[in-house]
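A short worksheet on the structure shown next.
The values are calculated or read from the model by the stated rules, or taken from the named source; none is laboratory data. None of these values were measured; they are calculated from a predicted model. Cβ atoms come from the backbone with ideal geometry, glycine included; neighbour counts cover every protein chain shown.
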Amino acid sequence: MEVDSGKFQIAKGVVGFDVTLEISCRSASLDDVIASLRGLLGDSVDRLIDRAGVEHRLAYGERYKVRLLPHRRTTPEASDLNEWPQHLVPWIAPTAIDTEGRFLEGEVRCPCGGREVTLWCRGETEPLPRLTEFTGPDGGAWWDFEVAAACASCGTAQVLFDRYRHGWEALAGSDAPDDTHRPPLRRWVCGSCGGGAHRGTIRLVRDHILDFLERVPDSVEEDYRNGFTWFAMDIQCCGCGHRTDGWVDYECR
């Protein structure tokens, strides 16, 4: 197994913050990767690795992406909703937040109280939802990614994440095409039983507010709640209980 020693040095220096490590390996399992990280970072790596943030093997099974996240969590309070992006506030039930307010976790919940939803993705969904290339309004190659949910009880729908409207990339001024040029939304079904109803958990990661204000042009403190840099989502089928951890794992910049 080969690792980028420079990135591991960074990881050692900022334990408690989110760090992405690119790991090259040959036919290694996730447990092998974690064992290697443990040798470099110590036993504490087990509590730092967000296993849902480990991407599925990429081409030829030779690369992993591992994200270390802060796990100094506190019990959510009603006021924690103020930390969530405004478009998600009606649709989230907070379950965790770290002491710095940079790591947020919550369950998807319709305003009516329903937690069972059907999920829709814009673009490719095999084997999991992912960034998809399409022909944009200028005739060139554009990229798209969107996740939406519809309540199984009342039918109310909500876009949970749209790369052109939400997150750091959107706030930094990414151009957005109209929907006529974008790939169609596709309904997600359970890979085990074919069922459509799921429950979902959303996790967001944000930069430190000072880094955000420095990096995003013309931003103000009120924008910070909407300027998350990572959107991740785990889901569970309401029919058979099949879990898909890391169903979505998207870096927003």
Out of the residues in the stretch 54-84 that are part of a loop (DSSP other than H, G, I, E, B) and at pLDDT 50 or above, state the one that is surrounded by the most Cβ atoms within 10 Å (Cβ to Cβ). 84
Counting only residues that are under 14 Å from residue 128 (Cα atoms) and free of Cβ contacts under 8 Å to residues at least 24 places away in the same chain, the stretch 209-253 contains a total of 1
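For the stretch 106-122, name all the residues that are over 21 Å from residue 242 (Cβ atoms) and buried (at least 20 other Cβ atoms within 10 Å of the Cβ). Reasoning before the result, please.
Going residue by residue through the stretch 106-122, those that are over 21 Å from residue 242 (Cβ atoms) are 106, 110-113, 122.
106, 110, 122 - these are the residues of the stretch 106-122 that are over 21 Å from residue 242 (Cβ atoms) and buried (at least 20 other Cβ atoms within 10 Å of the Cβ).
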In the stretch 201-253, what count of residues is obtained for those that are touching a Cys at 6+ places or on another chain (Cβ under 6 Å), under 28 Å from residue 152 (Cβ atoms) and β-branched (Val, Ile, Thr)? 0
So the check is Cβ under 6 Å with 6+ separation or different chains; which pairs have a first residue in the stretch 85-103 that's surrounded by 20 or more Cβ atoms within 10 Å (Cβ to Cβ) and a second one that's of a type in the set (A, V, I, L, M)? 97/104; 103/69; 103/205
Do any strands (runs of 3 or more DSSP E) lying entirely in the stretch 108-169 carry at least 1 residues that are among the aromatic types (Phe, Trp, Tyr), and which ones are they? 117-122, 132-135, 141-144, 157-162
